């Protein structure tokens, strides 16, 4: 995104600073460093407490303001390295290298800076149990372990003394290489078609604490232990960068490995509002990079159609079957009837459909046939004896009828208009609006 290639954040409006979900560490020089991955900074009006702006903060960002302090418009709030993602030490202490040797590490020159750095490489022997990691022996006796995935460059030496918040390793940040609109359009299609990414990030299903188990078949085992309930296990390839360390607390929906976010996971974990917000922001970001301004409502209309259907989880006393895909309004209407009859309503879970599938899954076969797979749609409709009640816009346009919107809404079709007479009496002139108005226009022509 555009934010990744910036290196600083400035306040757009004057106000007072507040941090949310922020775990901070103070370095020896007094600089505050962000140690959490879902931290946000809020600038609010001190008079009425109203939020003026909100920004996400990068892990490893250096803060230039403290909580509760006033900031002016244009004042520097935070800075970060736009090219690398750091791994930071949470405690001060002494560094110990474990399993970092000639088999797991080699010296490589940085293409940008020309400096020679130690980079973790993939172990060629598949039977090897080597797990490169850095252990920090804290001054208070506490020990912290930081696992190093392939591609990470080690920034500290064995037996070196470090402070809390120091960078112990870093890796290159994947920045957007293509800036033109053609580079962005495939991403728009991917979002609108609700496609699952090839190598998605693993997301925490619940709030909990991270730990690591025994490796299984060449994969790392990540264990997420919630406060209540059974632990959840994730098997992750050794080449994949793990964004969390042992002992870290994570919130539901937080990425625990690197990779593209799967929109279906956002829907399952965080719900409809979070997914709608994610899709809107991702699509707008692509157009924003080109300087194209699109009103949010245009994207919101499409996202609404993508989320209009639900999957039946428990049919209750309704006629639905388990796993049926039904329009949300239809299920809600059926559930109201069930509650009125003191019967068990159906339970359902939200469903995300790509725009092609959403268009073809409409109840109107005329609307579906006008979009794609015309022959297939019409053949299936004729074989199953479908009836189209012409409730939508497209099917009414195709059939040459007035669309059910504005004055074409069914409620208006039989409406009468009462006109008062000049002499106090009432002359009733019956005026039909809606469909009749169209017929009268056709007659005049």
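The values are calculated or read from the model by the stated rules, or taken from the named source; none is laboratory data. It should be emphasised that the depicted structure is a prediction, and the values quoted were computed from it without experimental measurement. Methodologically, a virtual Cβ is constructed for each residue, glycine included, from the backbone with ideal geometry; neighbour enumeration extends over all protein chains shown.
Table for the structure above
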item	result
Matching option when the condition is under 28 Å from residue 60 (Cα atoms) and either modelled with pLDDT under 90 or part of a helix (DSSP H, G or I) (or both), among 323, 316, 253, 291	253
Only one of 154, 145, 150 that is over 29 Å from the mean Cα position of the chain (by Cα) and buried (at least 17 other Cβ atoms within 10 Å of the Cβ)	154
Qualifying residues in region 397-437 (those that are in contact with a helix residue (DSSP H, G or I) (Cβ under 8 Å, 6 or more places away or on another chain) and not in a loop (DSSP other than H, G, I, E, B)) - the one modelled with the highest pLDDT	398
Answer residue from region 256-275, given it is at pLDDT 90 or above and within 8 Å of the chain's Cα centre (by Cα) and is nearest to residue 201 (Cα to Cα) among those	262
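Results for (1) surrounded by 19 or more Cβ atoms within 10 Å (Cβ to Cβ); (2) in contact (Cβ under 8 Å) with a residue 12 or more places away in the chain; (3) not assigned by TED's automatic domain parsing to the domain that holds residue 204; (4) not in a loop (DSSP other than H, G, I, E, B), shown as yes or no for each residue.
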site: 12; (1), (2), (3), (4): no, yes, yes, no
site: 17; (1), (2), (3), (4): yes, yes, yes, yes
site: 37; (1), (2), (3), (4): yes, yes, yes, no
site: 49; (1), (2), (3), (4): no, no, yes, no
